[in-house]
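As structure tokens, the structure follows; a few thoughts come after it.
All of the numbers you see were taken from the coordinates with simple rules; none came from a lab. These numbers come from a predicted model, not from an experiment. Methodologically, a virtual Cβ is constructed for each residue, glycine included, from the backbone with ideal geometry; neighbour enumeration extends over all protein chains shown.
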Amino acid sequence: VIRIHNMSGWIMWTVNGIFEDIGTVQDGIETISKPLTVVDRDGAQPLQVTQGEVRFENVHFHYGKDAGLIADLDLQVKPGEKIGLVGPSGAGKSTLMNILLRLYDLEGGRIAVDGQDIAGVTQESLRSQIGVVTQDTSLLHRSIRDNLLYGRPGASDEEMLEAVRKARADEFIPELVDGEGRVGYEALVGERGVKLSGGQRQRVAIARVLLKNAPILILDEATSALDSEAEAAIQESLETLMAGKTVIAIAHRLSTIARMDRLVVMDKGRIIETGTHEQLIARDGLYARLWKRQTGGFVGVEA
Ligand code: ATP
């Protein structure tokens, strides 16, 4: 970067601009970054999502140091099913999502979406069909509008405003003013622009994913940046977001996923239990222990 500063102003601007974008996107809510080792195969076809079924078949994967991190993993997520992924820190929950996005290639087995091996489809098409809201919600150093349209650049203003309303981001966007006097949707986000709270960033993130309208969603502790009042307010928009989609949600606070169709409990890279909250409590295994630890022994879930 220091060497870049010695170059002409134009190159400095361009290169810094690119670095900035890559940096913010990598940390951002829409993971489009990828290790350079993952490339489209010759003749890769666009993924065609018809139902939204996700299937992990005998999957083996490790990052290098953790040999055999994920081994023999089988999981079928039915079209429209909502799965809560649970397990202790380091169990491999985020890793499972990383390999579903094909940020890394597998060592064995396959992951298929509607029967198509994700290793054989174009990465662009795979990532366009998966909406991601993660716990580190950082946005691009662009306008609010650009941030919203990022998932679907061709969307109309009407569609954008509808997504914003559903995510309840209409409560604050019109009021925003950046340092240079740009307001609302034109306000610049980031260091030189408006600073959004964690909850506001999350609502922009949810609006963006609503607009993207991807049939498959990954939610990684999606309400973590919100205080309890904001969390209650946004629960409804998350329900709207999830309606009719295939969802895999990771949560550390089990109360946020206890009502999902099915819970999948991971430990040390393996699935050790699956079932509904009630089934897993009755089973009295790892989930029941984690639940009791978080709730102080209370086993019910609020309706
Ligand atoms: P947490 O609940 O803390 O988020 P997790 O269940 O999501 O944990 P992962 O983040 O999937 O767990 O991590 C599983 C293992 O892989 C850990 O040992 C972690 O240190 C390692 N790991 C995660 N990401 C990488 C990476 N990019 N490169 C190398 N190792 C990694």
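Amide H contacts of residue 220 (H built 1.01 Å from N, in plane; Pro and chain starts excluded): 133, 134, 135, 250 sit under 5 Å, all sequence-distant by 5 or more or on other chains.
Electrostatic tally near residue 246: other residues with Cβ closer than 9 Å to its Cβ, Lys and Arg +1, Asp and Glu -1, net +1.
Just add up the charged neighbours of residue 186: K/R +1, D/E -1, any other residue whose Cβ is under 9 Å from the Cβ of residue 186.
+1
Remark: C-alpha extents of region 96-147 on the principal axes read 41, 20, 15 Å, sorted largest to smallest.
I'd like the FRET efficiency for residue 45 and residue 107, computed as 1/(1 + (r/R0)^6) with the beta carbon distance as r and R0 of 25 Å, rounded to 0.05.
E(calc), rounded to 0.05, equals 0.60.
Phi angles of region 167-173 translate, via the Karplus equation with coefficients 6.51, -1.76, 1.60 and θ = phi - 60°, into HN-Hα couplings of 8, 6, 8, 5, 6, 10, 4 Hz per residue; Gly and Pro are given as x. Working note: Karplus 6.51/-1.76/1.60 with θ = phi - 60° gives region 40-50 the couplings 5, 6, 4, x, 4, 10, x, 5, 10, 8, 10 Hz, where Gly and Pro are set to x. Taking label points 7 Å from Cα along the Cα-to-Cβ direction, residue 183 and residue 94 give a separation of 4.0 nm. A Förster radius of 45 Å, combined with the Cβ-Cβ distance separating residue 165 from residue 76, puts the computed FRET efficiency at roughly 0.80.
Stretching the chain fully between residue 294 and residue 191 yields a gain of 33.4 nm (0.36 nm per residue, less the alpha carbon separation).
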